[in-house]
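Undergrad: Sharing a structure with you now.
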Amino acid sequence: MKYRMLMVDMRGMRHMSNLNKENVGRAIYEVRMRKNLLLRQIAVDAGITVSALSMIERGLRRPMDRTFYRLVLTLKKLAA
């Protein structure tokens, strides 16, 4: 199954309702800054390394489908 575009209901984050592999990094960064979270906290929850998450956040790497899905679920949980 491909997760190139995944609709997510995120209260208070209307501008991020259409997450895709290109903008998920920016969404993670914004939630992380707003909630004052460390990269490590999100990486552990999503099951990826801190360095991989950092590269995704900065737009240097696009997540694989499975990683993208886990990141979206993590974002949804954090945004609630």
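We did not get these values from a lab; they are worked out from the coordinates using the rules stated. Everything numeric here is computed off the predicted structure, so don't read it as measured data. Here Cβ is always computed from backbone atoms with ideal geometry, including for glycine, and neighbour counts include all displayed protein chains.
Undergrad: Quick check on the exposure proxy: order LEU71, LEU39 from fewest to most C-beta atoms within 10 angstrom.
TA: Final ranking by Cβ density, sparse to dense: LEU39, LEU71.
Undergrad: With +1 on each Lys and Arg Cβ and -1 on each Asp and Glu Cβ, how big is the dipole of the range 24-80 about its Cα centre, in debye rounded to the nearest 20?
TA: Charge dipole, the range 24-80, about its Cα centre: 60 debye, nearest 20.
Undergrad: Could you check the simple spin-label distance between VAL50 and MET64, using points 7 Å along Cα→Cβ, in nm with one decimal?
TA: 2.2
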